[in-house]
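To start, the structure under review is shown below, and the notes come after it.
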Amino acid sequence: MDRYINQIIEGNCVEIMKNISDEFIDLTVTSPPYDNLRNYKGYNFPFEDIAQELFRITKIGGVVVWVVADATINSSETGTSFKQALHFMEIGFNLHDTMIFRKQNPIPQIYRKRYNNEFEYMFVFSKGVVKTHNPIMVDCLHAGLELNGTTYKNYSKNEQIREKLAKPVKDKKIKGNIWEYVVGKKQEDQEAKGHPAPFPCELVRDHIRSWTNEGDIVFDPMSGSGTTARVALEMGRKYIGIDISNEYCELARKRIKLLESEPRLFTVQEDNLEYNLLSNKKVSNS
């Protein structure tokens with residue numbers, strides 16, 4: 001399988017995935033061309049075949065992040081995202097988390113009699129129990145304070161009661177599952193402007209940080225502009241990207257070459273470490 005490592009591969013993702021060994025991939029971060037919302041040059045999208053191959057090649061404890069949304073047709077959302085999530089569960093995946101990708105700069109709503117759509121789903125599927133979780137921590141609003149009368153919820157199996165006083169409030173807590181990003185404004189995201197619907201580098205960065213460790217293999221079977229591969233390389237992971245479009249494969253390779261050609265301009269901090277992209281090794285920042 002070494003011939004696929006750190007490569008952007010042009011071709012049919014189902015056929016190429018058949019050449020990948022069982023339980024080989026640590027993390028997949030991808031977004032399908034859903035519900036004709038994206039003009040993907042008329043290519044076919046065999047969802048069930050893709051899902052089945054993803055299950056086969058994902059390691060036990062590995063994760064698939066499936067970023068998806070629904071079109072509105074005949075005044076109704078299609079519900080395709082939920083149908084896909086249920087299918088992933090039917091073939092053996094756990095639905096580990098249903099997360100929200102909220103756009104800070106959403107496109108103004110073109111439909112009437114409905115609120116502006118500001119989010120997409122990020123379904124996090126796992127093959128068995130998740131092996132790696134490096135939780136992103138955020139500051140607590142009331143850190144260090146003693147809030148008299150505030151209580152924790154007691155997550156017992158039966159009656160839910162609140163009895164433990166929440167004082168003092170901790171400095172940090174695990175980030176919630178609604179993640180907000182500006183879309184298409186940062187320079188690193190501008191590199192992908194030749195693709196109709198790239199997701200932000202920071203979104204991929206947060207998932208790679210959460211579900212993998214250095215040296216793990218990160219995969220995108222519908223690689224598009226190569227954001228997943230680019231960020232994986234940046235963070236000291238191995239990558240495999242597949243796309244059926246020659247144009248998008250070339251765009252992805254160009255972005256990766258740009259990253260490799262200017263390594264000192266890209267340093268990603270992860271907890272108390274930084275990745276020196278000249279060597280792809282971690283160095284202390286203390």
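Using 0.36 nm per residue and subtracting the Cα-Cα separation, the extra length available between Lys254 and Asp97 on full extension is 53.2 nm.
Maximal additional length on extending the Val138-Asn12 stretch stands at 41.3 nm, based on 0.36 nm per residue less the C-alpha distance.
Just so you know, all these numbers are worked out from the coordinates, no wet-lab data involved. If you're wondering where the values come from, they're calculated on a predicted model, not measured in any experiment.
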